[in-house]
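Since every read-out is calculated from the coordinates, none of them should be taken as a lab result. A quick note: this is a predicted structure, and the numbers were derived from the prediction, not measured.
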Amino acid sequence: MHKANILKDLAELYKDLGELVVAQQYCQQALVLATELNIPLATDCEILRQNLQESDDYSAYPALVQ
């Protein structure tokens, strides 16, 4: 398994645990590495990064999250 995959998996794990800041950090590391290596995982990392950003935006408004 590639280091970028492991970092993305860690980002997803921390997202599931509700640790969005840590998840964003791992996701960013995975995105940088995947982009540098020009591997398709970069697209998945970018999607995850956007999802994390949206999750973080909604966490500021808990009444909106159901």
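Stretching the chain fully between ASN51 and ASN5 yields a gain of 14.8 nm (0.36 nm per residue, less the alpha carbon separation). Across all Cα pairs in the stretch 3-59, the calculated P(r) in 5 Å bins from zero up to the longest distance comes to 5, 26, 34, 21, 10, 4, 1 percent per bin. The HN-Hα couplings worked out from phi for the stretch 35-43 by the Karplus form 6.51 cos²θ - 1.76 cosθ + 1.60 (θ = phi - 60°) are 5, 4, 8, 6, 10, x, 4, 4, 5 Hz, whole numbers, x standing for Gly and Pro. The stretch between GLU19 and ILE39 holds 4.6 nm of extra length on full extension. This uses 0.36 nm per residue minus the Cα-Cα distance.
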